[in-house]
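Heads up: the structure comes next, in structure tokens.
The values are calculated or read from the model by the stated rules, or taken from the named source; none is laboratory data. Quantities reported herein were computed from a predicted structural model and do not represent experimental measurements. Note that each Cβ is placed from the backbone with ideal geometry, even for glycine, and that neighbours are counted across all protein chains shown. Accessible surface areas use protein heavy atoms only, side chains included; no ligands, DNA or RNA. Shrake-Rupley method; radii C 1.70, N 1.55, O 1.52, S 1.80 Å.
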Amino acid sequence: MTVCVLHVAAEMYPLLKTGGLADVVGALPPAQMQLGTDARVILPAFPSVVAGLTQIEHVADLGPAFGLGNVRLERGVLAAHSVVVYIIRADAFYDRPGNPYLDASHTQYADSDRRFALLGWAAARVANGADPAWKPHVLHAHDWHAGLAPAYLRAWERQTGVPRIPCVITVHNLAYQGVFPAAGFGVLQLPADFFSINGAEFYGHISFLKAGLFYSDRITTVSPTYAREIQTHAQGAGLDGLLRTRTHDISGILNGVDKTVWNPATDTAINAQYSIGKFAGKDKCKAALQERMGLAREPGALVFGVVSRLTEQKGIDLLLSAIPDIVQRGGQLVVLGTGDPALENGLKNAAAANPRAVAVELGFDETLSHSIIAGSDVVMVPSRFEPCGLTQLYALAYGSLPLVHCVGGLADTVVDASLENLADELATGFVFEKFDRAAIVAAIRRAFALKARRLEWKAVVHRAMEQDFGWEASALRYANVYQELTGLQSA
Ligand code: ADP
Ligand code: GLC
């Protein structure tokens, strides 16, 4: 029998994206469908989600919830991969300007507890058969936004005595936990005893992520190293105790690259397509990037690229400290990002001080992100912590060598160009161990040194492009998790 899985999430590429979560929710279901799994997604009906779907049909009235009148469940199709997407129509919650979490002035919405409780609640309704034409065998929640779905299923099972379907939660980032004041617990329509240390309570507050971790049958995270890191006090963000009690239920499954979106041989967002055998296009992409960003048109300058949320996680402060070392060696830096105003200002100041060598674009720009990944020689991801990271995977596929901090998924996907790894033909990029200026500068120096050895550089670039981080392998690993829970095989 085909396994039916319902993914519960806040974002899905190309409908709506603020980060890698969207890339994963956009790519994993089609990869699962290739294996024979019937994978569907449920999302809040944000304006761009509604606009991006075709064949939208009414499925069910879910009735009043969380102070709203009637909540409607609809079903549409994301044409690109024929993925069926359920949407929750509650315009008072979701039909707003800004992104899913912040209003137009970058302030968090005050009612996000109810907005995302509704996501979990509606997902649980679908799990319990709200669509007469389809019922999942597994519910797969992503991040805190979906964290209450397993709790609602548990509550429903207790109330009705009917066994619920099993739940998996994937932690894309433990730093975002969906923590809200306890005073709001009453409106969440959960049993009172769910607000306890064995439940959704977290240091006197409600934590959606903790609820998800507690009430799910299996926990996955997006790389093997991060799966270990989050079980330590240092990196467990207060949840390591709970995670250690679930250690046998936790697995790390690496994200992949959606090759229909990120492939230099077919990418229409870049200036010229290229592949290992036809590499000239990459030089054109570099020249076009220098031109577009107002940098000196020097083919020999080593171009470092960054595409990132500008937050503490991403180590942009460390990058700022290393800019002089890039510029003094004749290198160039291109940054695309948006986020923390202090980091935005720091980058703008660096660009103003080095107008021909440092260029910064503030904002979210999908097309430019492709141009930077393709046009850079080196793509930097100096994150303090990184659950998986996708930009370094895209960089590998585009032959732009990643320069990364040795944490989480970065440690699992990039091999440092040390003398030993070069000799063993393993190197794919530059990895620094300690999170400090000396270490990142040493990695930058190694990049310049390798670039000067033309043939060795070329060999590493080819090896990087040959790495296979496709979704197939990861989809198989998720299929194993579902099989353990349901007894059903995917294919
Ligand atoms: P995270 O999810 O923590 O932000 P990832 O590396 O997993 O980190 O994914 C980030 C995704 O968001 C990538 O697809 C990256 O290209 C994209 N991205 C980040 N910032 C921007 C931006 N300013 N403009 C366009 N794309 C961006
Ligand atoms: C999160 C993480 C990132 C990961 C992405 C997709 O946003 O910060 O490391 O790649 O989710 O799983």
Taking a crude spin-label model, label points 7 Å out from Cα along the C-beta direction, the Arg356 to Glu298 distance in nm is 0.8 nm
SASA check, Glu425, accessible area w/ 1.4 Å probe, all protein chains in place, rounded to nearest 10 Å², comes out at 120 Å²
In order through region 360-374: 3J(HN,Hα) via Karplus (6.51 cos²θ - 1.76 cosθ + 1.60), integer Hz, x for Gly, Pro: 10, 10, 8, x, 10, 9, 4, 5, 4, 4, 5, 4, 6, 4, 7
Just want the answer: with Cβ charges of +1 for Lys and Arg and -1 for Asp and Glu, which residue in Ala280, Ser369, Thr413 is farthest toward the dipole's positive end in region 280-469? Ala280
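If R0 is 41 Å, what FRET efficiency do you get for Thr2 and Asn198 from their C-beta distance, rounded to 0.05?
Here the calculated transfer efficiency is 0.70.
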Any residue on another chain or 5+ positions along whose placed amide H is under 5 Å from the amide H of Leu403 is listed here as Val379, Met380, Val381, Phe430
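Using the structure shown, select from Lys259/Lys451; Lys282/Lys458; Lys286/Lys451 the pairs with a Cα to Cα distance greater than 20 angstrom.
On the way: Lys259/Lys451 27 Å; Lys282/Lys458 12 Å; Lys286/Lys451 15 Å.
Flagged as over cut-off: Lys259/Lys451.
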Using Cα positions and a limit of under 16 Å, work out the aspartates and glutamates in reach of Lys314, with same-chain residues fewer than 8 apart set aside. Asp340, Glu344, Glu386, Glu433, Asp436
Label model pair Ala288, Ser418: point-to-point distance (7 angstrom along the Cα→beta-carbon line) in nm is 3.8 nm
For a quick check of understanding: with a 1.4 angstrom probe and all protein chains in place, what accessible area in square angstrom does Ile270 have, to the nearest ten? 10 Å²
Can you give the extra length, in nm with one decimal, that the chain gains between Gln189 and Glu312 once fully stretched, where that is 0.36 nm per residue apart less the Cα-Cα distance? 40.8 nm
Distance in Å, no decimals, from the C-alpha centre of region 211-269 to the one of region 449-491 is 16 Å
Using only C-alpha atoms and all pairs of different ones, pull out the Kirkwood radius for region 366-491 in Å with one decimal. 15.6 Å
Distance in nm between pseudo-label sites at Phe435 and Arg453 (7 Å out along the Cβ direction from Cα): 3.1 nm
Dimensionless Rg over Rh [the chain; C-alpha; Kirkwood]: 0.98
Skipping prolines and chain starts, which residues have an amide H placed within reach, meaning under 5 Å, of the one on Val59, given they are 5 or more residues away or on another chain? Leu73, Glu74, Arg75
For all pairs of alpha-carbon atoms in region 280-469, what percent lies in each bin of width 5 Å, listed from the first bin to the last filled one? 1, 9, 19, 23, 23, 16, 7, 2, 0
Among Leu174, Thr338, Val3 the positive-end extreme of the charge dipole of the chain (Cβ point charges): Thr338
Taking R0 as 30 Å, what FRET efficiency do you get between Thr160 and Thr245 from their Cβ-Cβ distance, rounded to the nearest 0.05? 0.60
Suppose R0 equals 45 Å; then what is the FRET efficiency for Ser321 and Gln467 from their Cβ-Cβ distance, rounded to the nearest 0.05? 0.95
A chain fully extended from Lys278 to Asn345 at 0.36 nm per residue, minus the present Cα-Cα distance, gains in nm 20.2 nm
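Highest mean first, how do 157-163, 168-174 rank when packing is the count of other Cβ atoms within 10 Å averaged over residues?
Values: 157-163: 10.0, 168-174: 25.0.
The peptides rank, most packed first, as 168-174, 157-163.
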The alpha-carbon center of region 298-317 and that of region 351-414 are separated, in whole Å, by 5 Å
Angle check, please: helix 316-328 long axis (alpha carbons) against the longest principal axis of the chain (alpha carbons), in degrees 0 to 90, nearest 10. 10 degrees
Around Arg309, which amide H atoms from residues at least 5 apart in sequence, or from another chain, sit under 5 Å from its own amide H, with H modelled in the peptide plane? none
C-alpha long axis of helix 112-127 to longest principal axis of the chain, angle in °: 70 degrees
By per-residue mean of other Cβ atoms within 10 Å, what is the highest-first order of 63-73, 214-224, 97-107, 334-344? 214-224, 334-344, 63-73, 97-107
Can you give me the Cα centroid spacing of region 42-80 and region 142-192 in angstrom? 20 Å
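Would you work out the relative contact order for region 280-469, in percent, from Cα pairs under 8 angstrom that are 6 or more residues apart?
Once divided by the residue count of region 280-469, the mean separation gives 20 percent.
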